Each structure stands twice: as structure tokens, then as C-alpha cells.
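See structure below.
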Amino acid sequence: MSVTPSNNVFMTLVRAFFVSGGTVRAEELERQLQERQRGDYISLARLMASGKVFFFEWRDAFWVPMFQFDPQNLSVKSTFERIRDELTPQLNGWQLAQWFAMPNVCLGNRRPADVLDLDFASVLAAARQDRGLAH
């Protein structure tokens with residue numbers, strides 16, 4: 001049985017991802033994919049089911065942090081994929097969201113989502129270190 005995170009936990013994540021592209025409901029992302037001719041709900045469902053992107057569920061909706069996508073064409077960022085591969089399968093969607101949204105001491109207390117495009121190597125090193133701690 002899973003525990004639903006509190007409003008405070010959800011709002012903390014939403015605020016944390018604001019700088020790096022925000023967080024949208026899966027339905028909104030589906031609409032954006034269709035508008036840009038990048039896919040549809042089936043395409044997004046495949047990305048989510050395969051673990052290519054992560055999401056978290058809150059109040060009967062799936063929420064997707066947008067830093068995972070290139071803002072120009074909504075393709076999944078290759079830099080994100082490399083970091084995700086370091087962290088999964090140890091972490092579920094909520095845990096991944098928290099890892100990317102919370103300040104990380106290995107990154108000078110910066111959030112991984114905020115610096116992924118600026119300092120990929122450091123974010124990758126932090127993910128590798130944190131994966132090691134999870135074992």
C-alpha cells in the first residue's frame with residue numbers, strides 16, 4: 001500500500017521544478033506533443049511505461065517534470081537519460097522527483113534539475129555517488 005504525499009511535499013516539488021521548466025499534468029504534455037507533432041497520448045504512455053521519462057502520481061493525476069524534455073521540440077534530453085539510467089531502478093517516480101528537485105551537496109547545494117544543462121558531468125557524478133549510497 002502506497003502513501004500519498006502531503007500537499008506540502010507536492011508543492012515543494014512543483015516550486016522546485018519551476019525554474020527548470022515546470023511540472024505539467026500528463027494530459028497537458030499530451031496536448032503539447034500533439035501540437036508540435038511529436039506524438040500523442042500513446043507516445044507519452046510509451047515513454048512513461050518504458051521509464052524513458054519519470055512522473056509522479058498525485059491526486060489521481062500523473063505529473064511530469066518538464067526539465068526532462070528539450071523545450072524546443074519536446075524530445076527527451078539525452079543528458080537526462082544518462083542521469084536517469086544511473087538512478088533507476090533504485091528510485092521510483094516520487095524518489096526521482098525528489099532527487100532532481102532537492103539541493104545536492106555534491107552540486108554545491110544546487111538542484112540537479114537546475115544544473116543538468118549547465119554542468120552535466122557534475123550531475124552525473126552526483127547520481128553515481130548517490131546510486132552507490134543506495135546499494
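The values are calculated or read from the model by the stated rules, or taken from the named source; none is laboratory data. Since the model is a prediction, treat every value here as computed from it, not as a measurement. When we count neighbours, we look across all protein chains shown, and the Cβ atoms used for this are built from the backbone with ideal geometry, even at glycine.
For the range 2-21, state whether one or more residues are free of Cβ contacts under 8 Å to residues at least 12 places away in the same chain, part of a loop (DSSP other than H, G, I, E, B), of a type outside the set (Gly, Ala, Ser) and on the phi > 0 side of the Ramachandran plot. No.
Being farther than 23 Å from Arg25 by Cβ and at pLDDT 90 or above is true of Ser122.
For the range 84-103, which positions are within 19 Å of Gly22 (Cα to Cα) and either buried (at least 20 other Cβ atoms within 10 Å of the Cβ) or of a type outside the set (A, V, I, L, M) (or both)? Even if it seems obvious, please write down each step before you answer.
Start the filter on the range 84-103 by keeping residues that are within 19 Å of Gly22 (Cα to Cα), which leaves 84, 93-103.
Those that are within 19 Å of Gly22 (Cα to Cα) and either buried (at least 20 other Cβ atoms within 10 Å of the Cβ) or of a type outside the set (A, V, I, L, M) (or both): Arg84, Gly93, Trp94, Gln95, Leu96, Ala97, Gln98, Trp99, Phe100, Ala101, Pro103.
Of all residues in the range 111-122, those that are touching a strand residue (DSSP E or B) at 6+ places or on another chain (Cβ under 8 Å) and either β-branched (Val, Ile, Thr) or crowded, with 22+ Cβ neighbours inside 10 Å (or both) total 2. The selection criterion, being under 23 Å from Pro5 (Cβ atoms) and at pLDDT 95 or above, holds for Phe100.
Among the residues making up the range 8-31, those that are surrounded by fewer than 16 Cβ atoms within 10 Å (Cβ to Cβ) and farther than 14 Å from Phe67 by Cβ are Asn8, Val9, Met11, Arg25, Glu27, Glu28, Arg31.
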